[in-house]
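The values are calculated or read from the model by the stated rules, or taken from the named source; none is laboratory data. The shown structure was predicted, so the numbers you read here are calculated from the model rather than taken from an experiment. No Cβ is skipped: glycine too gets one built from the backbone with ideal geometry, and neighbour counts run over all protein chains shown. With ligands, DNA and RNA removed, areas are computed over all heavy atoms of the protein, side chains included. Shrake-Rupley method; radii C 1.70, N 1.55, O 1.52, S 1.80 Å.
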Amino acid sequence: MERNDLYQFSNSFRANSSSRWRDSGGYNVFSISQREQENEDEEDLKWAAIERLPSVRKGLVTTSDGKTANVDITKLGPEQRKHLMDRLIKHAEKDNESFLLKVRERLDRQEILLSAVSLVGIEIPKLEVRFEHLKVKAEAYIGSRALPSFFNFFINYLESILYGLHLLSSRKKHLSILRDVSGIIRPCRMTLLLGPPSSGKTTLLLALAGKLDRDLEFSGRVTYNGHEMDDFVPQRTAAYIGQHDVHIPEMTVRETIAFSARCQGVGPRFEMLAELSKREKAANITPDPDIDVFMKATSVADKETSVLTDYILKILGLEICADTMVGNELIRGVSGGQKKRVTTGEMLAGPAKLLLMDEISTGLDSSTTYQIVKSLRQFVHILNGTAFISLLQPAPETYNLFDDIILLSDGQIVYQGPREHVLEFFESMGFKCPTRKGVADFLQE
């Protein structure tokens, strides 16, 4: 039925074009303006055929020779995906922000009609995280008993048996990791977590992500938009990016990110796009073809490789090693910095609204860290994301990209607030930052 409709549209288009050629009486029909008009009519016919379809799996793709074709989104090939990404983002550092603004513009778009203003009105959801009176304690051996030796292993194993039989008391010491901390991670803002080693940064991120070790003693309250963590599955809403890179070494970089995207799913993107297409059709609004194809391609599940994978490879600078195995200590693969970016890209491939990142700059140079944080900032500010990122000694340029600062020390929050007021706060407390010293290094000390 769809092919017959498109065939009837094409026949009517040929009849109209031939009648215009006869009425013109000469070769003036091949003027530039006439050609442009015919191209616009042809695209309108293709859009009309797409709008008649019941799903959002069809799109208008521009080929390498400049022609447009109505294709199935689920069957986009590697060359078509690459050409689409080149049209949307030529340079990751320069074009990513304008691309995200186009996506946001489509969601907020309004069309002025003859009688009224037609609004699409798709609101991007926001996520605010609040944590109140968090306390995390652990039991561990200290001193020489904490060393990983064979003697300590057998002694610890024997003690655990005697402790289970209530014949011996535990020799472990109680340690407080987080001591009654409270705070807010606001949406549409970049929050930087600073603190010296062993201050509790990783534990705080794990507590917010709902991934704390069960052996730890936890108390307190964490809410996502007012909902307790028992009311939903926080792992589907928050993406935790850890310090350690754990990958399947035999898989390539592209396969690793694509596999992560398939495991996490598309979330609510498909339903939101279906509603968006419905409202655009009712308001007689025609979206940008490239943006439409990208949004549709990222909303289709169960694909081995999607356009979203190519997008992440581009903004993280992993295109040069996309088909290289990740590797490990025994298998030669990508470098340590590239492996860290693969770890970041794995979690960015999902639909999570909250990004909890722990020391993502380890093994990266300052320029690469700046580019990644800048891309995250654009995503957070434009698409209403929420980011809570821990960095160790960030460069001044990277530090200035953040909106809020949380400073931890010995399991307690020393400062939480806007970045612009942090120096003023510590000066009022009697601590003045030297002139030639970076603010981040001053806060760490």
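Heavy-atom accessible area with a 1.4 Å probe sorts His133, His244, largest first, into His244, His133.
Peptides 92-99, 373-380, 258-265, ordered by how many other C-beta atoms sit within 10 Å of their residues on average, highest first, read 373-380, 258-265, 92-99. Largest first and in whole Å, the equivalent-ellipsoid semi-axes of segment 196-287 read 34, 23, 11, each the square root of five times a Cα gyration tensor eigenvalue.
Max-minus-min Cα coordinates of segment 288-376 on each principal axis give 42, 28, 21 Å, with the largest extent listed first.
Close amide-amide hydrogen proximity is noted between Ile241 and Leu356, Met357, Asp358, each under 5 Å apart and 5 or more residues distant or on a separate chain (H modeled in the peptide plane; Pro and chain starts excluded). Ranked by the mean number of other Cβ atoms within 10 Å per residue, highest first, peptides 421-428, 167-174 order as 421-428, 167-174.
Judged by the mean number of other Cβ atoms found within 10 Å, the most tightly packed of the peptides 217-223, 321-327 leads the ranking 321-327, 217-223. Here, segment 327-445 yields an orientationally averaged convex hull projection of 9.2 nm² when only Cα atoms define the hull. Solvent exposure of segment 262-325, expressed per residue, is 45 Å² of accessible area, with all protein chains present and a 1.4 angstrom probe.
Given a cut-off of 18 Å, name the pairs among Lys314/Lys374; Lys201/Lys432; Lys82/Lys296; Lys135/Lys173; Lys58/Lys278 whose C-alpha atoms lie farther apart than that in the structure shown. Over 18 Å apart, Cα to Cα: Lys201/Lys432.
Counted by Cβ distance under 9 Å from His174, the other residues give a net charge of +1, where Lys and Arg count +1 and Asp and Glu count -1.
Of the trypsin sites (Lys or Arg not before Pro) in segment 324-372, the ones in a loop by DSSP (not H, G, I, E or B) with at most 16 other beta carbons within 10 Å are Arg332. Near Gly327, once Lys and Arg are set to +1 and Asp and Glu to -1 for all other residues with Cβ below 9 Å from its Cβ, the sum equals 0.
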